[in-house]
Amino acid sequence: MKTEEKKKIIIRDLLNKGNYTKAIMYDDAEPNLQSFVELKKEYPRTKFYAWHVSLEGQATEYHRTNENFAESEDPINDLLQQKGLVSGPSQVDQDKLDQIIQRLTSQEQPAAVAPVAQATPTVTKVSGQSAMPKTVATPKPVAKKVYTPVTSSPFEISLRKAAIGAKIVGTELAAFLAQCAHESAKFTTTKEFSNGSQYEGRADLGNVKPGDGPRYKGRGFIQITGRANYTQASKDLGIDLVNHPELAEKPDVAAKVSLWYWKTRVQPKISNFTNTKQVTKKVNGGLNGLQQRTNLTKSFQVANK
């Protein structure tokens, strides 16, 4: 059975279990998206939204049934809860489609292995003897190890590639991905679920103006928080996150701010990236979710070996 047919069965099963008014899919394969859109014939009362995700994490609209999402509805949270990705009501703005990924399965394609070259016979002349053929063996190429994602989000793969490009490797790579996975509900959101009012008046975060708490709440895969971080990230990255903090919710910018935060706020202060407790303090400011962060770190260590 083709992948797109398998996914159609899974999605049809989910739609049959609940009275959903909207269905959303992010995927990097057009056959999967087309198969998904075809389901609207079977569910005329459900609006279908499909987005194509590139390897760089760019999301491009593939299909949209209507123009806007109602802020009071949250069908995606129901689907995510069924997959065990989040718990509790989501306050993510449904109009920002690139904040929630409804990808049920994802895996990189195995690298192609070059054909094995045949051994090339050569002739060696020995004095007083007939020329004898001598076989020189050509070493077989080693197949590249295929990375098996820890989560079902395609953004895990794109963020991993960006991190490797930034020379984050080994145990540090595992720690970085684990912290981002925890902060972003396994790469399914780039915007904090809460409204950010708990950060209001936090001078340690640079929130010195009325409304700074909600305005500069957690965003990006690592959830940068506070006017001070948004201001410095704007200067270093050349992106106006001060006047437009919502830009940090877009997958490509979310990856940039997460790498920026790690490189400037975490990496210089950590000597042992296997010490999840120490890493968590630099990311979270405390030890919230330490057990899950520890488990994720171990999973990413195995995946990146």
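Each reported figure results from applying straightforward, stated rules to the coordinates on display, with no laboratory input. As the structure is a prediction and not an experimental result, all values here were calculated from the model. Positions of Cβ are backbone-derived with ideal geometry, glycine not excepted, and every protein chain shown enters the neighbour counts.
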Task: Segment residue 148-residue 264, extension gain: residue separation times 0.36 nm, minus the distance between their alpha carbons - done: 38.9 nm
Open item on the list: How many angstrom lie between the Cα centre of the stretch 15-55 and the Cα centre of the stretch 203-282?
Closed with: 33 Å
Task: Virtual spin-label span in nm between residue 236 and residue 1, 7 Å along Cα→Cβ - done: 4.7 nm
Open item on the list: Using only alpha-carbon positions, what ratio does the radius of gyration of the stretch 169-244 give when scaled by 2.2 N^0.38 Å?
Closed with: 1.16
Task: Per residue, the convex hull volume that the Cα atoms of the stretch 154-303 enclose (Å³) - done: 100 Å³
Open item on the list: Among 34-41, 174-181, how do they line up by average Cβ neighbours within 10 Å per residue, starting with the highest?
Closed with: 174-181, 34-41
TODO: Pick out, from 176, 226, 278, the residue whose Cα sits farthest towards the positive end of the charge dipole of the stretch 154-303, with +1 on the Cβ of Lys and Arg and -1 on the Cβ of Asp and Glu.
DONE: 278
TODO: Measure up 167/269; 167/277; 186/250 against 19 Å on the Cα-Cα distance and list the ones that go over.
DONE: 167/277
- [ ] Starting from the Cα-Cα distance between residue 246 and residue 287, subtract it from 0.36 nm times their residue separation and give me the gain in nm to one decimal.
- [x] 12.1 nm
Open item on the list: Could you give the length gained by full extension between residue 303 and residue 42, i.e. 0.36 nm per residue of separation minus their alpha carbon distance, to one decimal place?
Closed with: 90.1 nm
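Please state the charge dipole magnitude for the stretch 154-303, taken about the Cα centre, from unit charges on C-beta atoms (+1 on K and R, -1 on D and E), reported in debye and rounded to the nearest 20.
So the dipole magnitude of the stretch 154-303 works out to roughly 340 debye.
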Open item on the list: With the crude spin-label approximation of a point 7 Å out along Cα→Cβ, what separation in nm comes out for residue 21 versus residue 64?
Closed with: 1.8 nm
